[in-house]
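> After the structure tokens below, expect a handful of questions from me.
The values are calculated or read from the model by the stated rules, or taken from the named source; none is laboratory data. From a predicted model like this one, the values you see are computed outputs, not experimental measurements. Note that each Cβ is placed from the backbone with ideal geometry, even for glycine, and that neighbours are counted across all protein chains shown. Calculation scope for accessible area: heavy atoms of the full protein, side chains included, ligands and nucleic acids excluded. Shrake-Rupley method; radii C 1.70, N 1.55, O 1.52, S 1.80 Å.
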Amino acid sequence: MISSREKKIINELMYHNGTFMLIKEIAGKLGVSSRTVHRELKNVRETLFKLNIKLRSEYKKGVKLELAPLEVDALSKFITEHADKDLSSEEKKVVLVYNLILNQEGLKKSALAVELGISEHTVDELISQMDEQLKTFNLEIKKTRAIGIQLIGDELAKQNFLADMMINELNSNSIYSVIENNFVFSSLINNKIIGILEADNIFKVERLLMDELDVLPYQLTENAYLNLTLHIVLAIDRTENEQNIAVREALKEELKETQEYFVSSSLRQKLEYEFESSLPEEEVYFIAMHLRGSRRKFQESLVTHSVEALTTAFIEQVSARMNYPFYAYPELKDGLVLHIEPTLHRQEAGIITVNPLVDTVKENYPDLFEVVRETFEEQFGITTLDESETGFLTIHFGGILHGNPKVEVTTVCSSGIGTSRILANQLKSRFNNLYIRQELSISDLKAADIHDGELVLSTVPLDMDSYILVSPLVDEHDEYKILEAISKISDSAQVLKKSTEPQSFHIDPDKVIQASELYLNRIFINQSSGTGAIESVKSTLADQRSLDTEAIEGISDKLINRYERTGLIIGKRGFSFPHIKSPLIKRHQLVFIHNEKGIKDKNYNDEAVLTSHQILMLVPEETLISDLLSDISVLFGENHEYIEALFRDQTPIEEIIKTFIQNIYRTERHDL
């Protein structure tokens, strides 16, 4: 999708088709900073590239499009179809409330209208829409001619109301936009210059600066950019007060042939014209020094891990520690990637931001707040992340959690190692907020602890009331039943707690032996006569002579029981998958059976299926490699329609077993 700001920039360029526009001109028309436009131009170029349209860029001239009439029509249609909506009503309300909290003495309606980019009538409508919500927090918005608009009520109630709006109404990208463009920018400006400099001068410098910096082959960090902006404003102030700085001659010689000095000299001319003041040569060198320092930091950053990769790891770690699949929501990562880079720059520079919601967030999400802080410090190498920044990050996760409360699930199958894992894998891919707490066999279920509000999903009929019978591959009917059950679970019953399960690591040589046993005991059989699924298993076990007649009959009886209830076919017309865990079985074994004439079986819907492929999985009762067997079962399930390929090429199975064994030894070394 194209952001609303991207759309506005492209529209401006189309309106001025064939004419160069300076960055500051575009910024002025959009009512944003030049730096914001510069950032958005990267996305604009990517969008135009998809349409084979080039955005021309020339130093001191700016950017322009050169489009034929048909190209203008095509581009207009494309951005209309793919553009995000402008700032949503919910986002406007959050910004409105934030500004009223920040300005307790009140704000004029006209000022709020300008801040939000809307009419004064729309400001009235937004306030009216919040009336009922405000009352639940004992808050009120008052409008008077003398003071303007004020938010009346307890300060903590105001924070709670704002936090409630952000977490309940905004997605992760919206949260980033509101925080970065309102909360953080206000904090930076207030912390840096309040009572020292004129804010109007800062914005003038900021708009001039980006046009000149565009020629540099690197980008300034958020902190470097802010510091340079403030330095230039201070330089203007020094000049007006006839205060001078000195730069060593040797340093001047080093700087005067650099690209940074050339940019600084050009910027000097623009500043002198804008402020009607003469800027000393020393100040030009000083600006060049700032830029050279930024280049070094930029080059150093190229060898570090990308923010995107670290953010992915950050989300995965929070997911693991909170037992919740935050990683399943791409919008969370998108919002965090945008948020984290400037956060890191602020941390590096020691800039403290003001977060009016921090106490509310800590109270509502105490465990999540703690985990986010600890995990961020570990992943990004931050010694101490301050509470304001932690609160902002936690809001991103809290928004996902509120909209998708965690639902615990227990999956059940006959053995607990085959179809149960296939089912669990299907659930994870279809339902982001399901947490598979345990995978059990029918016998394990009797002694298992099932939590209040937990869903029990089984591939076989159970002797209990509250469970859902589903296919291992979860068809549309199953999906509907699960969604219906989720909707009935009360949000209040879902409390996200930090995982307290101990994580102990130790090497068990018997695991290695059993995994190796499975690797070696893979047998391939070709049957020439058509047969039934159970008969195929019986004849195979008899031919192998690894079990006595009594054991074969006992195993067959269990499989017959399962066959009668659900069949042994995976999918509608996949392969036959008899798998069993029993004390009668003495060693792990996988038997791959190919039958040219066909094996008669049936699927979950009790429909007869004739298949050419059967995989028999035999597992001792005291197995130590359930995870490995489950991973192999998932591989079978994912390839149930193309199982013949796994008969021809066993490499994927072998890799799973090898990786399992390697991980055992890695864990041992880590533990030691």
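> Being charged (D, E, K, R) and free of Cβ contacts under 8 Å to residues at least 24 places away in the same chain is the filter here, so list the residues in the stretch 551-575 that pass it.
Within the stretch 551-575, the first condition is being charged (D, E, K, R), and the residues that meet it are 553, 557-558, 562, 564-565, 572-573.
Glu553, Asp557, Glu564, listed by residue number.
> Taking the condition of being touching a residue at least 24 places away in the same chain (Cβ under 8 Å) and more than 20 Å from Leu216 (Cβ to Cβ), how many residues in the stretch 253-278 meet it?
4
> Continuing with this model, one more query. Taking the stretch 129-158 as the search range and keeping residues that are among the polar types (S, T, N, Q) and more than 34 Å from the chain's Cα centre (by Cα), which one is farthest from Val358 (Cα to Cα)?
First, pick out the residues of the stretch 129-158 that are among the polar types (S, T, N, Q): 129, 133, 136, 138, 144, 150.
Imposing the further condition that a residue be more than 34 Å from the chain's Cα centre (by Cα) reduces the set to 138, 144, 150.
Numbers: Asn138: 20, Thr144: 31, Gln150: 22 Å.
Taking the candidates together, the pick is Thr144.
> Related question: Taking the stretch 42-75, which residues are open to solvent by less than 40 Å² (accessible area, probe 1.4 Å) and of a type in the set (Ser, Thr, Tyr)? It would help to see each step written out before you state the result.
Our first condition is that a residue be open to solvent by less than 40 Å² (accessible area, probe 1.4 Å); within the stretch 42-75, this holds for 44, 47-48, 53, 55, 62-65, 67, 72, 75.
Listed by number, the list holds a single entry, Thr47.
> Quick one: is Leu291 at pLDDT below 85, under 23 Å from the mean Cα position of the chain (by Cα) and part of a helix (DSSP H, G or I)?
Answer is no for this residue.
> Could you tell me how many of the residues in the stretch 217-262 are in a loop (DSSP other than H, G, I, E, B), modelled with pLDDT of 75 or more and either open to solvent by 60 Å² or more (accessible area, probe 1.4 Å) or touching a Gly at 6+ places or on another chain (Cβ under 6 Å) (or both)? Outline the logic, then answer.
Restricting attention to the stretch 217-262, the residues satisfying the condition of being in a loop (DSSP other than H, G, I, E, B) are 217-221, 241-248, 256-258.
Right, trim to modelled with pLDDT of 75 or more and you get 256-258.
Narrowing the set further to residues that are either open to solvent by 60 Å² or more (accessible area, probe 1.4 Å) or touching a Gly at 6+ places or on another chain (Cβ under 6 Å) (or both) leaves 256-257.
The qualifying residues number 2.
> Looking at the stretch 13-25, I want the residues that are among the aliphatic types (A, V, I, L, M) and have a partner that is in a loop (DSSP other than H, G, I, E, B) with Cβ atoms under 6 Å, at least 6 apart or on another chain. Which pairs are those?
From residues that are among the aliphatic types (A, V, I, L, M), the pairs are Leu13/Leu65.
> Would you point out the residue of the stretch 263-281, among those that are modelled with pLDDT under 85 and not in a loop (DSSP other than H, G, I, E, B), that is surrounded by the fewest Cβ atoms within 10 Å (Cβ to Cβ)?
Step by step, filter the stretch 263-281, then rank; the result is Glu274.
> Here's something else I'd like to know. So in the stretch 563-593, with the set limited to residues that are of a type in the set (Val, Ile, Thr) and in a loop (DSSP other than H, G, I, E, B), which one is surrounded by the most Cβ atoms within 10 Å (Cβ to Cβ)? Reasoning before the result, please.
Initial filter on the stretch 563-593 (of a type in the set (Val, Ile, Thr)): 566, 569-570, 580, 585, 591, 593.
Within this subset, residues satisfying the condition of being in a loop (DSSP other than H, G, I, E, B) are 570, 585.
Working: Ile570: 28, Ile585: 20.
Here the residue is Ile570.
> For the stretch 632-645, name all the residues that are free of Cβ contacts under 8 Å to residues at least 24 places away in the same chain, surrounded by 15 or more Cβ atoms within 10 Å (Cβ to Cβ) and not in a loop (DSSP other than H, G, I, E, B). Working first, answer last.
Of the stretch 632-645, the ones free of Cβ contacts under 8 Å to residues at least 24 places away in the same chain are 635, 639, 642, 645.
Among the residues that remain, those that are also surrounded by 15 or more Cβ atoms within 10 Å (Cβ to Cβ) are: 635, 639.
Selection gives Leu635 alone.
> Can I ask one more? Is there a residue being open to solvent by 40 Å² or more (accessible area, probe 1.4 Å) and at pLDDT below 85 anywhere in the stretch 419-426?
Keep residues of the stretch 419-426 that are open to solvent by 40 Å² or more (accessible area, probe 1.4 Å), which gives 421, 425.
Adding the requirement that they be at pLDDT below 85 leaves 421, 425.
Yes, the conditions are met somewhere in the stretch 419-426.
> For the stretch 453-481, enumerate the residues that are within 29 Å of the chain's Cα centre (by Cα), surrounded by fewer than 21 Cβ atoms within 10 Å (Cβ to Cβ) and charged (D, E, K, R).
Glu454, Asp475, Glu476, Glu479, Lys481
> Could you go through the stretch 412-430 and let me know if any residue there is in a strand (DSSP E or B) and either over 23 Å from the mean Cα position of the chain (by Cα) or acidic (Asp, Glu) (or both).
First, the residues of the stretch 412-430 that are in a strand (DSSP E or B): 412-413.
Now narrow it down to the ones that are either over 23 Å from the mean Cα position of the chain (by Cα) or acidic (Asp, Glu) (or both): 412-413.
Looking through the stretch 412-430, at least one residue is in a strand (DSSP E or B) and either over 23 Å from the mean Cα position of the chain (by Cα) or acidic (Asp, Glu) (or both).
> Which residues, counting only those in the stretch 91-106, are assigned to a helix (DSSP H, G or I), modelled with pLDDT of 80 or more, over 29 Å from the mean Cα position of the chain (by Cα) and of a type outside the set (Val, Ile, Thr)? Even if it seems obvious, please write down each step before you answer.
The first filter runs over the stretch 91-106 and keeps only residues assigned to a helix (DSSP H, G or I), leaving 91-102.
Cutting the leftovers down to modelled with pLDDT of 80 or more gives us 92-101.
Filter once more, keeping what is over 29 Å from the mean Cα position of the chain (by Cα): 100-101.
Listed by number, the list holds a single entry, Leu100.
> Sticking with this one: Among the residues of the stretch 652-659, is there at least one that is closer than 18 Å to Gly416 by Cβ and open to solvent by 40 Å² or more (accessible area, probe 1.4 Å)? Walk me through it before giving the result.
So the first thing to find is which residues in the stretch 652-659 are closer than 18 Å to Gly416 by Cβ, and the list is none.
Scanning the stretch 652-659, I find no residue that is closer than 18 Å to Gly416 by Cβ and open to solvent by 40 Å² or more (accessible area, probe 1.4 Å), so the answer is no.
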